[in-house]
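Following: one structure in structure tokens, then a few remarks.
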Amino acid sequence: MAYLVLAYPELTSESFDRIQSYRKDNDELFFNVVNPHFTIVFPVFDISEEEFTREVKDKSANSVKFDFIIRCATINKDAFSDYFHTFLVPDEGYSRIVKLHDKLYSDKLKDNLRLDLDFVPHIGIGNSQDRYKCKKMVDEWNKKEFELRGTISRLTIVRYEDDVVTTIEEIKLK
């Protein structure tokens, strides 16, 4: 069992449907597990649920909601498997997500921060063991200008076990 912090973006129904339609056909790993999201804290295994929740609530207490705009898709090689992933990465709001991520990892979670991996804020939309399939996905998104606008107004603390994501608590940002 692991604990994570996710930020489910507030999107227009058109943007949400576009992402989900694409994920249905291309996100074999996570489409049936979790809705579109930014992962703020990645799986943590070495802390109790109560302590994890308390730490996240404490560190996010003065965080404020913010907007983001996505205009680009990228490809990323999974460091833990043979998969490649297709990400939607925000142009605007990128630094806000990075700073929130860093703030949550600043104290009791600091030993869980992977300093050997770059943190790239993203919404995952596809994956494959075939890197060229993911490259094709990226090219499909990027061949035309697009703009997905959204807001991050809450953080969701979740438990992840046996490919099931269960909400523990939601934290509303100011």
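The values are calculated or read from the model by the stated rules, or taken from the named source; none is laboratory data. Given the structure is predicted, the values throughout are model-derived calculations rather than measurements. So basically every Cβ, Gly included, is an ideal-geometry build from the backbone, and we count neighbours across all protein chains shown. What goes into the accessible areas is simple: the full protein's heavy atoms, side chains included, and nothing from ligands, DNA or RNA. Shrake-Rupley method; radii C 1.70, N 1.55, O 1.52, S 1.80 Å.
Is it the case, given these coordinates, that residue 63 is of a type outside the set (Asp, Glu), surrounded by 15 or more Cβ atoms within 10 Å (Cβ to Cβ) and at negative phi? It is true that residue 63 is of a type outside the set (Asp, Glu), surrounded by 15 or more Cβ atoms within 10 Å (Cβ to Cβ) and at negative phi. Suppose the filter is under 18 Å from residue 19 (Cβ atoms), over 15 Å from the mean Cα position of the chain (by Cα) and in a loop (DSSP other than H, G, I, E, B); does residue 144 pass it? Yes: the conditions hold for residue 144. Restricting the stretch 150-174 to residues that are more than 23 Å from residue 13 (Cα to Cα) and out of contact with any Lys or Arg (no Cβ under 9 Å at 6 or more places or on another chain), the residue that is most open to solvent (accessible area, probe 1.4 Å) is 162.
The number of residues in the stretch 5-56 being of a type in the set (A, V, I, L, M, F, W, C), open to solvent by 20 Å² or more (accessible area, probe 1.4 Å) and more than 15 Å from residue 152 (Cβ to Cβ) comes to 7. Of the numbered criteria (1) in contact (Cβ under 8 Å) with a residue 12 or more places away in the chain; (2) in a helix (DSSP H, G or I); (3) over 25 Å from residue 18 (Cα atoms); (4) over 13 Å from the mean Cα position of the chain (by Cα), the one residue 101 fails is (4).
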